[in-house]
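Since the structure comes first, as structure tokens, the remarks are kept for the end.
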Amino acid sequence: MQPNEVITSMNPIELVKNAIRPELDLFDTTLVNSLHTENTLLKGVNEYVFMNMGKRLRPMLALLSAKMLGPVTPAAIHGAIALELLHTATLIHDDVVDDTHERRGAQSVNARWGNKVAVLSGDYMLAGALRQVALTRTVDIMAILSGIAMELADGELLQLTSTQNTKISETQYFDIIRKKTAYLFAACCEVGASAAGANAEQREQLRLYGEYLGMCFQIKDDVFDYYPNIEIGKPTGNDLRDGKVTLPLIYALKNSSDEMRNKIFTIIGLRDFSEENIDMVTRFAIDNGGLAYAQECMQLYKTKAIEALAGFTDSEVKQALIVCAEYAVERKK
């Protein structure tokens, strides 16, 4: 097998990790130390959460953005940890709000320990994020983190409000996913850029790259809801059962007959989510071009993300960021 064949066949996330392997190892060690506690219950929750942490894509974006501009500094490490702790805390709190019992194929914290422990554990991680922000000793990073914390809450409240409105527009949908997902990706890249001493143009281009990548990522998550796939960790129609009308269905409703549109609105309004109705709504979204349109939107945002990197010198790290954009669209779970 030729070297380029090895790269092509490599798991995309592993390829990305290879570009920042030493920095990622330091991140992992520092993250574990940042949550040290003598409280047995809290220690158990922390270990459980990070055992099921996932791919660590968001902190990897911060480290990649920093390394593309120079050596990764302690400020970049602490900033990446702050972002990961903030993100994890919001997931724990969201599971309490949504009464979610499973995350990434494992029990959620609230399902395993109850709501009180989940809320307080999330608070502990938020406090840990604040400490890590302080350790960056960088006012710009402090501003980015405080801003994104507000945007995340704003986005979740917008989505909560939207579940009461069956006629959500495409503009409203994009506003929600920008606030609840894309801005966090953007913040990760901007934190890395700031820690590396980026100039205003570099910082803005990396921020835009992160935002466009985040839009791809969330649209892909929403597309998954229209296909039965055990690997994803949630059943088809799960978003719909939660009252979330996402891009494929929004597009289909806008481009269908009045009769079918009213029928779908009635099902959603009455929350009549029998298996038969879920199948019908799913098929309706597919047959009326909803998934094809969502795929087009993802491709557009992927292209914009990659174009945002045009001004940076070609390198292994830049290639890893391009792989992230391609992975966001092509991933299977």
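The values are calculated or read from the model by the stated rules, or taken from the named source; none is laboratory data. Please read these numbers as outputs of a predicted model, since none were measured by experiment. Methodologically, a virtual Cβ is constructed for each residue, glycine included, from the backbone with ideal geometry; neighbour enumeration extends over all protein chains shown.
Tabulated data
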item: Unmet requirement for GLN172, which otherwise passes all of (1) free of Cβ contacts under 8 Å to residues at least 40 places away in the same chain; (2) over 21 Å from ASP95 (Cβ atoms); (3) more than 19 Å from the chain's Cα centre (by Cα); result: (3)
item: Restricting the range 292-311 to residues that are closer than 17 Å to ALA186 by Cα and in contact with a Lys or Arg (Cβ under 9 Å, 6 or more places away or on another chain), the residue that is surrounded by the fewest Cβ atoms within 10 Å (Cβ to Cβ); result: LEU309
item: Filtered residues of the range 135-165 (kept if outside any helix (DSSP H, G or I) and either modelled with pLDDT of 90 or more or crowded, with 18+ Cβ neighbours inside 10 Å (or both)); result: ARG137, THR138
item: Selection status of LYS234, at pLDDT below 95, in contact with a strand residue (DSSP E or B) (Cβ under 9 Å, 6 or more places away or on another chain) and surrounded by 14 or more Cβ atoms within 10 Å (Cβ to Cβ); result: yes
item: Unique residue being more than 28 Å from LEU63 (Cβ to Cβ) and either modelled with pLDDT under 90 or touching a Pro at 6+ places or on another chain (Cβ under 6 Å) (or both) when the list is GLY243, GLY289; result: GLY243
item: Residue check for ALA198: in a loop (DSSP other than H, G, I, E, B), in contact with a helix residue (DSSP H, G or I) (Cβ under 9 Å, 6 or more places away or on another chain) and farther than 21 Å from VAL97 by Cα; result: yes
item: Identity of the residue in the range 25-71, polar (S, T, N, Q) and in a loop (DSSP other than H, G, I, E, B), that ends up farthest from ARG207 (Cα to Cα); result: ASN39
item: Some residue of the range 219-228 being hydrophobic (A, V, I, L, M, F, W, C) and free of Cβ contacts under 8 Å to residues at least 24 places away in the same chain; result: no
item: Cβ pairs under 8 Å, 6+ apart, first in the range 269-287 and over 13 Å from TYR251 (Cα atoms), second modelled with pLDDT under 85 and among the polar types (S, T, N, Q); result: GLY269/THR166; ILE278/THR236
item: Tally of residues being in contact (Cβ under 8 Å) with a residue 40 or more places away in the chain and either assigned to a helix (DSSP H, G or I) or among the charged types (D, E, K, R) (or both) across the range 104-117; result: 5
